2 protein chains.
Amino acid sequence: MAEATRAVGGTDTEPLYGLTTRLARAIRAALDSGDRERVRLLVGPLHYSDLADLIERFNPGDRRAFIDIMRGRLDAEMLAELDENVRDEVVSQLGAKETAAAVTELDSDDAVHVIEDLDEAVQQQVLEAMPAGDRALVEENLAYPEDSAGRLMQRELVAIPEFWTVGETIDHLRESTDLPDDFYDIIAVDPKHQPVGTIPLNRILRTRRSVRMKDILAPNLHSVPVTTDQEDIARLFRQHDLVSAPVIDDSGRLVGVITVDDVVDVIDEEAEEDLMRLSGVGETDIFRAVLATTRSRFSWLSINILTAIAVSVVIGFFEASIREVVALAILMPIVASLGGNAGTQTLTVAVRALAMQELTGQNMLRYIGKELMVNFLNGLLLAAIIGIAAGWWFGRVDLGLVIAGAMVINLIVAGAAGSLVPLGLQRAGIDPAIASSVFVTTMTDIVGFVAFLGLATIFLL
Amino acid sequence: MAEATRAVGGTDTEPLYGLTTRLARAIRAALDSGDRERVRLLVGPLHYSDLADLIERFNPGDRRAFIDIMRGRLDAEMLAELDENVRDEVVSQLGAKETAAAVTELDSDDAVHVIEDLDEAVQQQVLEAMPAGDRALVEENLAYPEDSAGRLMQRELVAIPEFWTVGETIDHLRESTDLPDDFYDIIAVDPKHQPVGTIPLNRILRTRRSVRMKDILAPNLHSVPVTTDQEDIARLFRQHDLVSAPVIDDSGRLVGVITVDDVVDVIDEEAEEDLMRLSGVGETDIFRAVLATTRSRFSWLSINILTAIAVSVVIGFFEASIREVVALAILMPIVASLGGNAGTQTLTVAVRALAMQELTGQNMLRYIGKELMVNFLNGLLLAAIIGIAAGWWFGRVDLGLVIAGAMVINLIVAGAAGSLVPLGLQRAGIDPAIASSVFVTTMTDIVGFVAFLGLATIFLL
């Protein structure tokens with residue numbers, strides 16, 4: 001390890017992350033020159049997350065060569081950190097038996113995380129290659145709905161009877177050999193194995209041995225039902241600054257524990273999902289193959305081409321007006337474009353606020369009113385700019401007035417649609433991030449063209 | 001508390017969050033009827049985060065009334081959870097002296113968090129009203145750059161000499177009276193007060209009293225320099241599943257500790273920032289006043305109206321062609337619109353991948369190649385659809401061919417601009433989330449119109 005560090009010019013001070021560009025380059029060079037020993041030497045000290053990053057960044061050919069060299073020496077936890085698309089490749093190279101062996105080493109939550117994303121056929125093969133006991137645990141978790149507490153929780157936890165003392169608990173921990181790798185709270189349970197409270201480890205350490213555990217419980221018990229959606233779990237952890245929470249089944253019995261490191265991944269995932277959906281990218285696809293990416297993005301574009309054609313049909317109604325005043329064709333994209341921008345501003349704020357539960361029945365009307373006001377004011381400002389510019393450009397005051405009027409109308413529509421569409425979709429049980437922007441921009445496009453061309457037809461011809 | 005719960009129809013089972021719609025309504029009703037005692041009774045059991053949510057959702061009038069009733073009974077930690085805009089209102093109502101008293105109760109990281117966002121004049125008043133010792137600590141943290149480890153860290157921590165035994169450490173913890181409220185790791189330091197390692201509390205609990213702390217250190221020490229940017233800190237915690245990390249100054253001495261609950265807030269904040277910036281909303285403004293919101297959103301719209309006018313000028317070059325074939329005006333928004341959609345897909349993936357450091361020198365060329373390919377393929381599909389539709393609509397095969405050709409060209413440009421612009425901005429030190437979309441959509445607009453109208457001028461006239 002010392003030699004490896006020296007070899008890539010590292011120093012004694014640990015960098016903030018394990019995988020520096022320098023190290024990545026050195027590994028690539030060793031790989032290119034076929035120096036298997038050197039690859040292993042350089043990779044040795046890497047944390048499993050950094051190893052996952054390294055594997056993600058390889059092209060498919062280098063990736064195969066790398067996995068081949070590292071076979072049998074890879075940290076199983078690396079599998080849980082890989083991007084889904086890359087993981088599929090790695091698993092298919094390792095084969096069901098080797099994958100099953102790796103998965104068996106993992107905590108149950110990581111094992112489920114790896115297995116749940118595999119293709120069904122591969123998933124079945126891997127499960128069959130696992131020891132019966134581990135397999136049963138994983139299958140039980142897989143039976144819970146996707147993105148639920150049951151999928152996220154780990155089975156490995158520390159539970160003790162509530163009547164134990166601090167001393168008894170410490171003695172128990174010193175003698176146990178099957179404790180989880182990491183834990184932050186101990187869960188006190190009653191005789192029915194229902195949680196009665198959690199005790200943060202620091203409370204145990206600062207309390208005398210004779211004190212009973214039930215007397216040092218944390219003030220609030222946050223038990224999470226096993227079917228709770230991960231988004232709600234993330235909100236709970238964020239809101240109450242938790243590091244772990246017990247998971248209970250229908251009868252209130254303790255079945256697992258969720259830890260903050262998994263919740264951090266959920267928060268990342270949910271934020272990324274909203275971002276991608278708003279832009280019409282189904283899910284992050286940076287590591288996905290070309291054809292799969294093309295297909296998934298096309299589904300969004302195919303909706304947009306239909307709405308774009310619909311907008312053109314609307315423009316077509318004003319063919320005669322455009323023929324008479326060509327300036328209309330030149331100016332018309334401005335009104336639609338600004339309406340789209342303003343509508344997107346409004347809907348993005350609404351989508352995020354809905355996801356964070358900041359927008360509720362209580363402040364909804366106030367929020368809509370505010371968006372109408374903000375967009376109306378911006379409409380006035382934009383109308384002044386474009387009215388003067390257009391009037392001066394074409395030397396026609398009436399044309400300036402028409403485009404200014406259309407701009408104000410379209411910005412008000414942008415405020416209304418941008419706030420009402422996400423709220424309506426949410427109420428209808430549809431994720432507002434998925435569909436809001438196509439609805440809103442279609443509306444601002446159509447209203448933008450109709451308002452401008454319509455007013456022009458009335459007042460200019 | 002029991003009465004309060006019964007009063008709002010709660011049951012014995014704790015809801016996942018403290019603030020139910022039902023409870024919020026009951027509080028509002030009590031507020032409306034001026035029943036101060038009942039408001040206090042209902043609010044009593046709320047967690048400070050839920051209290052902050054409640055205060056955020058009030059309109060400004062109700063908020064004043066509520067703060068007035070709760071004055072002197074508010075949990076200081078609530079202040080740290082409030083949205084910045086709402087916090088300004090609350091602080092100005094409480095006044096400098098009461099705010100200073102509340103801030104003094106907080107851990108140093110929360111105190112800094114509250115104070116750093118206040119207007120400078122108010123900030124100065126609050127600082128002056130604080131006891132000298134607390135004030136010095138806060139001012140020291142405020143001297144570090146915004147969004148750095150120095151701002152994020154808390155001073156309260158547990159550090160012990162590395163040569164202590166587990167037993168000595170536990171005895172020390174039992175006897176200390178000034179421990180932080182919560183802690184997850186103990187930091188072992190050398191005589192120069194430089195961290196030599198961290199020890200997770202669960203390792204202490206499972207180890208016999210006679211073992212030396214330096215023998216149970218966690219395998220990697222992740223010390224964070226005090227000037228590290230919070231985005232890098234978030235990445236470190238996420239990558240290595242940390243719950244806390246020591247912060248060191250220039251000379252390597254331990255000065256504070258960062259805990260995962262603060263990092264969760266940072267992750268949320270950074271994700272939200274990217275989302276908002278991509279849509280041209282400077283920062284989340286749901287709780288901001290109308291005029292401030294209008295101003296901040298207008299800065300984005302004013303850039304967009306300039307680019308929209310530039311696009312119109314470009315269209316103006318083709319005035320003669322449009323006059324001759326009005327179908328061009330009717331169809332031209334389609335090419336620009338789809339180019340914009342496809343470009344946005346590509347740039348969103350790039351912006352997110354850059355933020356997550358998934359896009360590096362190593363895989364950049366491969367990524368750009370992939371985006372060109374994906375957009376080219378989608379361009380072919382869209383070209384087929386729109387070519388046939390337009391040709392049939394206007395009964396002109398040549399018009400269909402022209403729009404199909406323009407679509408392919410514009411989608412390739414969308415792929416190139418969508419991937420190169422964010423990468424270029426990042427390299428130039430500009431946040432790609434801020435400026436990418438205006439660059440990319442302006443390019444796809446201009447290329448869309450020029451390709452379509454240009455090809456039409458060449459082949460149709």
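The values are calculated or read from the model by the stated rules, or taken from the named source; none is laboratory data. This is a predicted model, so every value here is computed, not measured. All Cβ positions, even for glycine, are placed from backbone atoms using ideal geometry, and neighbour counts span all protein chains on display.
Can you tell me which residue among A:ILE115, A:ILE160 is touching a helix residue (DSSP H, G or I) at 6+ places or on another chain (Cβ under 9 Å) and more than 18 Å from A:THR99 (Cβ to Cβ)?
A:ILE160
If you check A:VAL314 against the conditions, is it closer than 30 Å to B:ALA327 by Cβ and of a type in the set (A, V, I, L, M, F, W, C)?
The answer is yes for A:VAL314.
Would you call B:LEU217 over 23 Å from the mean Cα position of the chain (by Cα), within 7 Å of chain A (Cβ to nearest Cβ) and surrounded by fewer than 22 Cβ atoms within 10 Å (Cβ to Cβ)?
Taking the combined requirement at face value, the residue does not satisfy it.
Using beta carbons and a limit of 6 Å, which pairs, at least six apart or on different chains, have the first residue in segment B:218-231 and of a type in the set (S, T, N, Q) and the second one not in a strand (DSSP E or B)?
Qualifying pairs under 6 Å: B:THR228/B:ALA149; B:GLN230/B:ASP147; B:GLN230/B:LEU152; B:GLN230/B:VAL266.
Among what's in segment B:311-325 and is among the aliphatic types (A, V, I, L, M) and either more than 18 Å from B:GLY448 (Cβ to Cβ) or more than 7 Å from chain A (Cβ to nearest Cβ) (or both), pick the residue that is surrounded by the most Cβ atoms within 10 Å (Cβ to Cβ).
B:VAL325
Can you name the number of the only condition in (1) within 8 Å of chain B (Cβ to nearest Cβ); (2) modelled with pLDDT of 90 or more that A:LEU254 fails?
Against the list (1) within 8 Å of chain B (Cβ to nearest Cβ); (2) modelled with pLDDT of 90 or more, A:LEU254 comes up short only on (1).
Let's see how each residue does on (1) more than 17 Å from B:LEU275 (Cα to Cα); (2) crowded, with 24+ Cβ neighbours inside 10 Å; (3) within 25 Å of the chain's Cα centre (by Cα); (4) without any contact (Cβ under 8 Å) to a residue 12 or more places away in the chain:
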| residue | (1), (2), (3), (4) |
| --- | --- |
| A:ASP268 | no, no, yes, yes |
| A:GLY280 | no, no, yes, no |
| A:ARG288 | yes, no, yes, no |
| A:ILE309 | yes, no, no, yes |
| A:GLY343 | no, yes, yes, no |
| A:ALA350 | no, yes, yes, no |
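Any idea which of (1) of a type in the set (Ser, Thr, Tyr); (2) within 28 Å of B:GLU272 (Cα to Cα); (3) modelled with pLDDT of 95 or more is the one B:SER321 doesn't satisfy?
(2)
Condition (residue is assigned to a helix (DSSP H, G or I), modelled with pLDDT under 90 and among the aromatic types (Phe, Trp, Tyr)) applied to segment A:59-70: is it met by at least one residue?
Scanning segment A:59-70 turns up no residue that is assigned to a helix (DSSP H, G or I), modelled with pLDDT under 90 and among the aromatic types (Phe, Trp, Tyr).
Could you list, in sequence order, the residues of segment B:99-132 that are part of a loop (DSSP other than H, G, I, E, B) and over 22 Å from B:VAL266 (Cβ atoms)?
B:ASP119, B:ALA129, B:MET130, B:PRO131
Can you pull out every residue in segment A:239-260 that is over 25 Å from B:LEU51 (Cα atoms) and outside any strand (DSSP E or B)?
Of everything in segment A:239-260, those that are over 25 Å from B:LEU51 (Cα atoms) and outside any strand (DSSP E or B) turn out to be A:ASP249, A:ASP250, A:SER251, A:GLY252, A:ARG253.
State the number of residues belonging to segment A:135-158 that are within 14 Å of chain B (Cβ to nearest Cβ), of a type in the set (A, V, I, L, M) and either surrounded by fewer than 20 Cβ atoms within 10 Å (Cβ to Cβ) or without any contact (Cβ under 8 Å) to a residue 24 or more places away in the chain (or both).
The total comes to 0.
Looking at segment A:374-404, which of its residues are facing another protein chain (nearest Cβ under 7 Å) and touching a residue at least 12 places away in the same chain (Cβ under 8 Å)?
Within segment A:374-404, A:VAL374, A:ASN378, A:LEU382, A:ILE386 qualify.
So which residues in segment B:139-179 are within 16 Å of B:ARG203 (Cα to Cα) and either within 31 Å of the chain's Cα centre (by Cα) or polar (S, T, N, Q) (or both)?
Within segment B:139-179, B:VAL158, B:THR165, B:THR169 meet the criteria.
Return the pair list, or none, for Cβ contacts closer than 8 Å from residues in segment A:173-190 that are within 17 Å of A:VAL255 (Cβ to Cβ) to residues that are of a type in the set (Ser, Thr, Tyr), at least 6 apart or on different chains.
A:PHE183/A:SER244; A:PHE183/A:THR259; A:ASP185/A:THR198; A:ASP185/A:SER244; A:ILE186/A:THR169; A:ILE186/A:THR198; A:ILE187/A:THR198; A:ALA188/A:THR198
Given (1) closer than 30 Å to A:ILE187 by Cα; (2) free of Cβ contacts under 8 Å to residues at least 40 places away in the same chain; (3) facing chain B (nearest Cβ under 8 Å), identify the lone condition not met by A:VAL260.
(2)
Looking for something of a type in the set (Lys, Arg) and modelled with pLDDT under 90 - is there at least one such residue anywhere in segment B:148-162?
Among the residues of segment B:148-162, at least one is of a type in the set (Lys, Arg) and modelled with pLDDT under 90, which makes the answer yes.
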